[in-house]
Structure formats: structure tokens, C-alpha cells
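Enquirer: To start, I am sharing the structure in question, which I have written as C-alpha cells.
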Amino acid sequence: MSKIYVTGLGPGAADQMTIRAQKVLERCPVIIGYTVYIDLIRDEFPDKTYLSTPMRKEADRCRMAFAEAEKGQDVAMVCSGDAGIYGMAGLICEIGRDYPEIGIEIVPGITAASGGAAVLGAPLMHDFAVISLSDLLTPWEKIERRLDAAAAADFVICLYNPSSRKRADYLERACEIVLKHKKSDTVCGIVRNIGREGESCEILSLEQLREKKVDMFTTVFIGNSATMELNGRMVTPRGYRDV
């Protein structure tokens, strides 16, 4: 039985792809994904058949994968980061109900939250919430409620998709919601191009973050009440020293 492997590529660097993901891509003759993600691996696996669709054609991409698998060949559906975190794993499983003869396997990868945290230091050592600011699939009103609840509960908050040309002020709006519950000097961090050329990071206050201009390649970390800056690193204590 042929199978679709929904594969997380990690942040982008070859050495941050898991060994399991590497083996899947070596084995599968067909690799399908969003154009940007295909470009990350095309040079490393030049002998593959590559198929892609643009943004907002995710369902078409999944059906394309099942159509290729029906031909009797294994298919790798690739995503950046982890396939099960804002990736294609869920949609493949949904559409897979119409293709019970095709196997599905999810291959995890390093997501932006863990990849960016490693660049900054140790900001996710305690409970945290991951929230996407993209309102393409989630109404902004619901995003606001989630931001408010996470801030009120003093979670460390990791923000995906913090800004774009059409959503230039979304990070500012998010910070204003969080500032209802967190102090203006709360330690925050941003990481751009995690694991890729041009990677950069910065530690700043929540008040400074509100004025910061970022893009879709940036992951944002907002600390909790215990988060601190230690020797240039963003650290959220777990509390081991207090036991």
C-alpha cells in the first residue's frame, strides 16, 4: 500500500531536519509542497518529481498528493517546521477519509517555537501558549480572546505570523491586548529567519515590541512575569533552584 508522509522540514537549515525526515525524502519519489518549502530542499534531492501549489491552495495540494499515491508511489508532503503545528497534517487526515486505501504517516520536525527559543536562550522553560496572528483562517476576534486569556494566565506567549503587508499593525494590536495583563518592561524576544541565512535575534521590552516592525519570517516571544534577560539571553526560570 502506498503512503503519504506528511513531513516537517524544520526551520529551514539542512542540519535542523530530523534524520527520519531525511530518510523519508530520500525514499519518496514524489515530493509535494508549497513553492517556498520545495525550494528549501530541491538542490539536496535533485532526482525527485516535485509538485507544488501556491498559497491558499492547500486542499488542492492534498488531493494532488492522494492522486499521486493512488498511482502506487509513496509521496512526501512537506511543510516548514512541524507538519502537525500549523502544517498540513490535519488537512491530509481530513481529506484522507475519502482515500481509505492510502496510508498516512506524520513525520515531526522542529517548529519555530523551539527553534527560535534555542536562538534566544531558554524562554519556554515553563508553561507557554503558541498563537498565530494570521486571521486568514481564524477570525481576529477569536485571536484577541486567546491573547487576552493567555496574557491573563501569565503564560509565556509565542506568536507565529506576527505581521504582513496586509496586517502591518497586528503585532502592535496584540501587544496592546497583552499589556492589559503584563508589565511594559516584560522581557520579550524576536527571531528572524530561524535556521536560515540572515538569522538574527533581539531581546527587548514589551513596550518596545509594540513599536517593532516585523514580518512573516519573524517569530515573537513574550515572557511571563518571571522571564528575565541573563547575559544576553532570554530565560524563563523553571523553578528548580526554589525546590
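The values are calculated or read from the model by the stated rules, or taken from the named source; none is laboratory data. Because the structure is predicted, anything quoted here is derived from the model rather than measured. So basically every Cβ, Gly included, is an ideal-geometry build from the backbone, and we count neighbours across all protein chains shown. Remember, those area values only see protein heavy atoms, side chains included, never the ligands or the DNA or RNA. Shrake-Rupley method; radii C 1.70, N 1.55, O 1.52, S 1.80 Å.
Enquirer: Taking region 210-230 only, how many residues are within 20 Å of the chain's Cα centre (by Cα) and among the acidic types (D, E)?
Expert: Adding up the residues that qualify gives 1.
Enquirer: Output the residues belonging to region 1-19 that are under 14 Å from G81 (Cα atoms) and touching a residue at least 24 places away in the same chain (Cβ under 8 Å).
Expert: V6, T7, G8, L9, G10, P11, G12, A13, A14, Q16, M17, T18
Enquirer: Go through (1) open to solvent by 10 Å² or more (accessible area, probe 1.4 Å); (2) modelled with pLDDT of 95 or more; (3) touching a Gly at 6+ places or on another chain (Cβ under 7 Å) and name the single condition S2 misses.
Expert: For S2, the exception is condition (2).
Enquirer: Separate question: Run R63 past the list (1) open to solvent by 50 Å² or more (accessible area, probe 1.4 Å); (2) of a type outside the set (G, A, S); (3) farther than 14 Å from L91 by Cα; (4) not in a loop (DSSP other than H, G, I, E, B) and report the number of the one that doesn't hold.
Expert: That leaves (3) as the condition not met.
Enquirer: Write out, first by first residue and then by second, each pair whose Cβ atoms fall under 9 Å of each other, whose residues are 6+ apart or on separate chains, and whose first residue, in region 99-111, is touching a residue at least 24 places away in the same chain (Cβ under 8 Å) and over 10 Å from R20 (Cβ atoms) while the second is hydrophobic (A, V, I, L, M, F, W, C) and open to solvent by 60 Å² or more (accessible area, probe 1.4 Å).
Expert: Partner pairs satisfying both residue conditions: E101/M1; I102/M1; G103/M1; I104/C93; I106/C93; I110/A118; T111/I85.
Enquirer: Can you name every residue in region 81-92 that is open to solvent by less than 20 Å² (accessible area, probe 1.4 Å) and either of a type outside the set (A, V, I, L, M) or closer than 19 Å to T218 by Cα (or both)?
Expert: Selection gives G81, A83.
Enquirer: Which one of R192, R233 is over 18 Å from the mean Cα position of the chain (by Cα), closer than 17 Å to A113 by Cβ, surrounded by 14 or more Cβ atoms within 10 Å (Cβ to Cβ) and not hydrophobic (A, V, I, L, M, F, W, C)?
Expert: Values: R192 fails: over 18 Å from the mean Cα position of the chain (by Cα).
Residue meeting the stated conditions: R233.
Enquirer: Please go through region 205-230 and give me each residue that is among the hydrophobic types (A, V, I, L, M, F, W, C) and surrounded by fewer than 18 Cβ atoms within 10 Å (Cβ to Cβ), ordered by number. Don't jump to the end; show me each part of the working.
Expert: Restricting attention to region 205-230, the residues satisfying the condition of being among the hydrophobic types (A, V, I, L, M, F, W, C) are 206, 209, 214, 216-217, 220-222, 226, 228, 230.
M216, F217, A226, M228, L230 - these are the residues of region 205-230 that are among the hydrophobic types (A, V, I, L, M, F, W, C) and surrounded by fewer than 18 Cβ atoms within 10 Å (Cβ to Cβ).
Enquirer: Within region 151-158, is there a residue that is in contact (Cβ under 8 Å) with a residue 24 or more places away in the chain, closer than 25 Å to D15 by Cβ and not in a loop (DSSP other than H, G, I, E, B)?
Expert: Scanning region 151-158, I find at least one residue that is in contact (Cβ under 8 Å) with a residue 24 or more places away in the chain, closer than 25 Å to D15 by Cβ and not in a loop (DSSP other than H, G, I, E, B), so the answer is yes.
Enquirer: Being open to solvent by 20 Å² or more (accessible area, probe 1.4 Å), outside any helix (DSSP H, G or I) and out of contact with any strand residue (DSSP E or B) (no Cβ under 7 Å at 6 or more places or on another chain), is that true of even one residue in region 106-124?
Expert: Scanning region 106-124, I find no residue that is open to solvent by 20 Å² or more (accessible area, probe 1.4 Å), outside any helix (DSSP H, G or I) and out of contact with any strand residue (DSSP E or B) (no Cβ under 7 Å at 6 or more places or on another chain), so the answer is no.
Enquirer: Out of region 30-47, which residues are assigned to a loop (DSSP other than H, G, I, E, B), without any contact (Cβ under 8 Å) to a residue 24 or more places away in the chain and open to solvent by 30 Å² or more (accessible area, probe 1.4 Å)?
Expert: Of region 30-47, the ones assigned to a loop (DSSP other than H, G, I, E, B) are 42-47.
From the residues that got through so far, the ones that are without any contact (Cβ under 8 Å) to a residue 24 or more places away in the chain too are 42-43, 45-47.
Once the filter is applied, which keeps residues that are assigned to a loop (DSSP other than H, G, I, E, B), without any contact (Cβ under 8 Å) to a residue 24 or more places away in the chain and open to solvent by 30 Å² or more (accessible area, probe 1.4 Å), region 30-47 yields R42, D43, P46, D47.
Enquirer: Right, here's the next one. Among I143, I95, which is the only one that is in a helix (DSSP H, G or I), open to solvent by less than 50 Å² (accessible area, probe 1.4 Å) and closer than 30 Å to K182 by Cα? Talk me through it step by step, then tell me what you get.
Expert: Details: I95 fails: closer than 30 Å to K182 by Cα.
Exactly one residue qualifies, and that residue is I143.
Enquirer: Another question, then. How about region 154-172: which of its residues are out of contact with any strand residue (DSSP E or B) (no Cβ under 8 Å at 6 or more places or on another chain) and either open to solvent by less than 30 Å² (accessible area, probe 1.4 Å) or over 25 Å from G87 (Cα atoms) (or both)?
Expert: Applying the first criterion (out of contact with any strand residue (DSSP E or B) (no Cβ under 8 Å at 6 or more places or on another chain)) to region 154-172 yields 154, 164-170, 172.
Passing the criteria: D154, R167, Y170, E172.
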